[in-house]
Amino acid sequence: MNSDCTGGGFCSAGVQSCPICAGGLCHGGANNGNACTPGQLLTMGPQWPTSQDCPPGVESPSIGSLPIPYLLTTGTVTKTAVDEPMGQARVFCGFCSDPSSASFKNPGVPCTSDGECAGFTTGCGGGGNQPCTACKQRSSGAFGAGAARTITENGAPTGAIATGDPLKSETLVSVFCIPPTFTAVDGSGDLPGPGAASIQGQTQLLP
């Protein structure tokens, strides 16, 4: 509503869900009122971009931490899916699971074959009485494409660079597995399953 907004056109602290950087100041979040620099990349428009200077408040709920092997490289990274006889086809990131449901062993147990889960005869299901003997991810394939069998990310190094050279572009990439969180995030994020990232940046060596 208009009453939620100040004369500058942005929502008051406590109204918008994410802190914004407007007028050189954080509005909302832990750094409310402190100086900030608006972000310039991946925004929906120039008016109210978010900023690394304006993190969420300490009261923001956390979904926990995930042990993700997020290894970046400027080379090429490829991950290929496998078919598991008991669990499912096109598995990139297997975790021991109930063969007949999306219930996973808690804490998550990564696997590369059904045989690695054979010993978990209980531990899955609502009461923990179902077997966790299948090596699965939440859905077959990757990123909503059930037929996907290969994920490839191509990085790009800066090349030769010397002190004082102008900025040179580079691309860092990674393909990784995201474990189950055992929260509502798993359903909306289709976890466990594969993840991929491509980060563009620039490098310069200063004297």
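The values are calculated or read from the model by the stated rules, or taken from the named source; none is laboratory data. Just so we're clear, the structure is a prediction, and the values are computed from it rather than from any experiment. Counting neighbours? That spans all protein chains shown, and the Cβs are built from the backbone with ideal geometry, glycine included. Remember, those area values only see protein heavy atoms, side chains included, never the ligands or the DNA or RNA. Shrake-Rupley method; radii C 1.70, N 1.55, O 1.52, S 1.80 Å.
A compact table of results
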item: Cβ-placed point charges (K, R +1; D, E -1), dipole of segment 85-161 about Cα centre in debye, nearest 20; result: 120 debye
item: Portion, in percent, of the accessible area of segment 89-198 that falls on carbon or sulfur, probe 1.4 Å; result: 53 percent
item: Computed lengthening from LEU25 to ASP83, 0.36 nm per intervening residue step minus Cα-Cα distance; result: 15.7 nm
item: Euclidean distance between Cα centres, segment 18-33 to segment 130-175, Å; result: 32 Å
item: Computed label-point distance, nm, for sites ILE199 and LEU71 using a 7 Å Cα→Cβ extension; result: 1.6 nm
item: Added length on full extension, which subtracts the Cα-Cα distance from 0.36 nm per residue, ARG149 to THR121; result: 7.2 nm
